[in-house]
1. Just report the Cα centroid separation between region 43-71 and region 137-207, whole Å.
2. In debye, nearest 20: dipole of region 21-258 around its Cα centre with unit charges on the Cβ of K, R (+) and D, E (-)?
3. Could you work out the helix-only [θ] at 222 nm for the chain, with each DSSP H run of four or more residues adding -39,500 (n - 2.57) and the total divided by the number of residues, to the nearest 500 deg cm²/dmol?
4. Rounded to the nearest Å, what's the spacing between the alpha carbon centres of region 81-104 and region 1-35? Just the number, please.
5. What is the sum of charges around residue 191, taking Lys and Arg as +1, Asp and Glu as -1, for the other residues whose C-beta is under 14 Å from the C-beta of residue 191?
6. Using only alpha carbon pairs under 8 Å that are at least six residues apart, calculate the relative contact order of the chain and give it in whole percent.
7. For region 80-154, which GluC sites (Glu not before Pro) are both in a DSSP coil and crowded by at most 10 other Cβ atoms within 10 Å?
8. Which entry is the computed mean projected area of the Cα convex hull in nm² for this structure: (1) 15.0; (2) 13.0; (3) 14.1?
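Every number in this text was worked out from the coordinates using simple rules, so none of it is lab data. In this text the structure is predicted, and so the values were computed from the model without any measurement. All Cβ positions, glycine included, derive from the backbone under ideal geometry; neighbour counts span all protein chains shown.
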Amino acid sequence: MNYELHHLPERTHKPRDYGFTMVMDKGLSVREVEDFLEVAHEYVDIVKLGWATSFVTPNLKKKLQVYQDAGIPTYFGGTLFEAFVVRNQFDDYRRVLDTFNMTFAEVSDGSLDMDHDQKCEYIHTLASQVTVLSEVGSKDDQKIIPPYKWIALMQKELDAGAWKVIGEAREGGNVGLFRSTGEVRSGLVEEILTKIPFEKIIWEAPQKAQQVWFIKLLGANVNVGNIAPNEVIPLETIRLGLRGDTFDYFLKNSLNGAK
């Protein structure tokens, strides 16, 4: 930090198990990645190359190397996994992970119908090769999954070997955990949290209002994802109570505790 301020919420430190910020790279150039990491690397825990953008991104290995040199792990979006699976190319997908030295992978079923036992088998198999993030929720805004099923799916995927589960929202934040307006399905989130530990969930929350909601619910060290590169610094100020949205929330708690 550039100077000292008292009464800030305590943040976990990298490498951290929770308090994660997952950033979505939707096609940054090598130079853009360098510029982005120059200011934000301290606050970025992992980067997802959104959906199947890695297939068409030029200089992919060079870009991945920039992230690696900065100590930032990366992974390919779950839609790429689904694109391989639906074409019966799962073994090819595993070879791609090795070719690009990926240490993380995302398993999802948001774009295709997949038997859940089969999805868990993919998780189990990949977990012997990489660290698996599994995504729960559909990209179809007409498909509403009841809370009890979210819980059952998340728990089964964790049991299959997923390191963390991701709550689906897409890059727009208007499906899955959220209504089409971007409003949080608060009852769903709160019910999930009765059974699944908060540190095991990454909540996709690309919109500022969604980030504020989760931080107020679960504190500065909630795991959030699908953050745009230019929103990482603003997000960190929200986590610390240094933006109007959470300014009073953290300050009052801290000052009351200091009395």
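1. Cα centroid of region 43-71 versus Cα centroid of region 137-207: 25 Å apart.
2. Numbers: 25 positive and 34 negative charges, 44 e Å.
Computed charge dipole of region 21-258: roughly 220 debye.
3. Numbers: 10 runs with 103 residues, N = 259.
The per-residue figure over the chain is -12000 deg cm²/dmol.
4. Answer, in whole Å: 28.
5. On the way: positive: 149, 185, 195; negative: 190.
Overall, the nearby charge balance is +2.
6. 21 percent
7. Here no loop site has a sparse enough neighbourhood.
8. It is the value labelled (3).
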